[in-house]
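Take a look at the structure below.
Please treat every number below as a calculation from the coordinates, not as lab data. All values derive from a computational prediction rather than experimental measurement. Backbone-built Cβ (ideal geometry, glycine too); neighbour counts: all protein chains shown.
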Amino acid sequence: MTRKTTIKTTGLALAASALMATTALSADLPLKALPGDAERDHWLPEQVNEPGKLEALQAATGGEAVTYKGTQDRPVEIALIYPSADVSDFWARNYLALTKRLDQLGIEYNTTEFASRQIEHSLQSTYATQVEQDADLYDYVIFGPSELATQADNIDKLAKNDGFVTYVWAFHTPLKQFDQQPAVWFDFSSAYGAQVICSYMLDRLGKDVTIAMNRGIPGVTDNQRSGDFKDCVMEKGNWTVAYEHYGEYQREGGFDGTNLILQAYPEATVIHNANTAMAMGSVEAQVAAGKHKEVFSTGWGGTGLELDAIRRGELNATPMRMGDDVGAATAEAIKADMEGRAEELPLVFLGRITVAHDQLSLEEIDALEKEAFRFSGVGKLKR
C-alpha cells in the first residue's frame, strides 16, 4: 500500500525549468573505455562520471547545508519505490536523511512511499507502472530496485518518462541496455566494499582459511558483494570455499543456510553474509547452536542491527557504509536540479565505506555510527 506524507503545505514559486534533468544517453557512454567492457552489461562509475563531479557532490553532501536559492509556489512531489519493508534499515535511514537534508536546504516537499520486501519483484513492478502512469502527480521518482536485472524494464520506462526526474538508489552500475539513463544512480560501491572487507579479513585471519557463504539473489549486487569478495580471498589468501547458499537476502535464508553450514560443513570457520537480514539470521542460528564464538561472521552495510550484533560479540566485522550519504546526496541533487544545475551532477554517486569490527572500542564504534547516521540518528529505528 502507499502512504502519503505531507511535510509542508506552503511554498514560493517553482520554476518550470527546474524539473528538467540532464540525462545521459547510451550513445554518449562510456566516457572512457576500460578492460573487460565487452563482458559487462553495465558501465563502471569511473567510466561514466565526468572529472570532479562525484567529488563535488560528495563535498556538498558532507558539508553544511546551503539553502535553496530559488522560489516555490508548491511543494515538490517525491515518489519512493523501494523494499523498505525488509529487515535492513538502509531504506528507512536514507528516507530520513533525504527529508531532513531537504528541510535543511529549505525545500518544500511531499513524499509518497511505495513499500515492498526485497523478494516482492511483482509488487515493485506494479508500483512502477502506477507511478509511471500517474506521472503528472510527481516531480521526482526515487526507485530502489529489488534486484537490478529483474527491475531493468521498470527503470527504463521511468527514466524515459519526461514527466518527472528519476533517481535510482542502491545500485551504481548503469546498464548499457538503456537508451536514456536515470538522472543519477546513488549507492555505495559493493565492489569497493568487497575489496575493503577482503583486505581486512586477510590481514586479520591470514591465509588458507575455509569459508562458507550466505549469498543473496543472483545478479549484479551479489556478484560484487559475494563474488568479488570470494575471488579476492581465494586469489590473495588461498582461501577455500566449502559451500555457497543463496538466501535471497532474507533473514530466514541466512538462518537456514547457517544451520546447514554448521551441520554439513564444520570445517568452515568463516561465514560471509551478503546483507543485514541474512547476517541477523546467521548469528541467530549460531547463537542457538552455541557456535557464535567459534565462527567468524561478517555482515554487509554496517546498519544499526549489525553494529548492535558486533557490540554483543555475535558478529565480527562488516563493510560499513556511511549510510546517510545516499539520502543526503539525493536531496542535494534535487536542489541542484531545481536550481538548473543538473549538468553539474555525476551519473553515479558513491558513498564512503569502512570496516566496523569487534576489535574496535565501543567509543570507536559509536563515533563511526554517529557519522554514518548523522541525519537518521544513532540507535535502532522504530518500525
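Tabulated values for the structure
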read-out	value
Residue with peak Gaussian network fluctuation, the chain [Cα springs, cutoff 10 Å], from Ala128, Ala79, Ala56	Ala56
Between the stretch 275-319 and the stretch 157-220, the alpha-carbon center distance in angstrom	21 Å
In order through the stretch 105-120: 3J(HN,Hα) via Karplus (6.51 cos²θ - 1.76 cosθ + 1.60), integer Hz, x for Gly, Pro	7, x, 9, 7, 7, 10, 10, 10, 9, 10, 9, 8, 9, 4, 8, 8
Projected label distance in nm at Arg312 and Glu55, using a 7 Å step from Cα toward the beta-carbon	4.3 nm
Nearest 10 degrees, 0 to 90: helix 121-133 Cα axis against the chain principal axis	10 degrees
Largest-first ellipsoid semi-axes for the chain, taking √(5λ) over the Cα gyration tensor eigenvalues, angstrom	36, 22, 19
Amide hydrogen neighbours beyond the local backbone of Gln118, cut-off 5 Å, H modeled	Asp86
Under 17 Å from Lys53, Cα to Cα: lysines that are on another chain or at least 8 residues apart	Lys32, Lys335
Whichever lysines have a C-alpha closer than 18 Å to that of Lys236, once near sequence neighbours (fewer than 8 apart) are set aside	Lys207
Sequence-distant residues sharing a close amide H with Val241 (under 5 Å, placed H)	Ile211
Set of lysines with alpha-carbon distance to Lys157 below 19 Å, sequence-local pairs under 8 removed	Lys176
Label-point gap, in nm, between Ala149 and Ser122 - each point 7 angstrom along Cα→Cβ	2.1 nm
Highest-MSF residue in the chain out of Ser146, Ser116, Ser199 [GNM, Cα springs under 10 Å]	Ser199
The chain, relative contact order [Cα under 8 Å, separation at least 6], %	21 percent
Rounded to 5, percent antiparallel among DSSP beta bridges of the chain	25 percent
For the stretch 61-74, Karplus couplings with θ = phi - 60° (6.51, -1.76, 1.60), whole Hz, Gly/Pro x	5, x, x, 5, 5, 10, 4, 4, 8, x, 10, 10, 9, 7
Between helix 362-372 and the chain: long-axis angle, C-alpha atoms, 0 to 90°, nearest 10	30 degrees
Exposure rule at most 16 other beta-carbon atoms within 10 Å, DSSP loop GluC sites (Glu not before Pro): the chain longest free segment	121-266
Paramagnetic reach from Thr269 (point 7 Å along Cα→Cβ, amide N under 12 Å) across the stretch 212-240	240
Rounded Å value of the spacing that divides the Cα centres of the stretch 44-90 and the stretch 329-361	6 Å
Ranked Lys157, Lys335, criterion: other C-beta atoms within 10 Å, fewest first	Lys157, Lys335
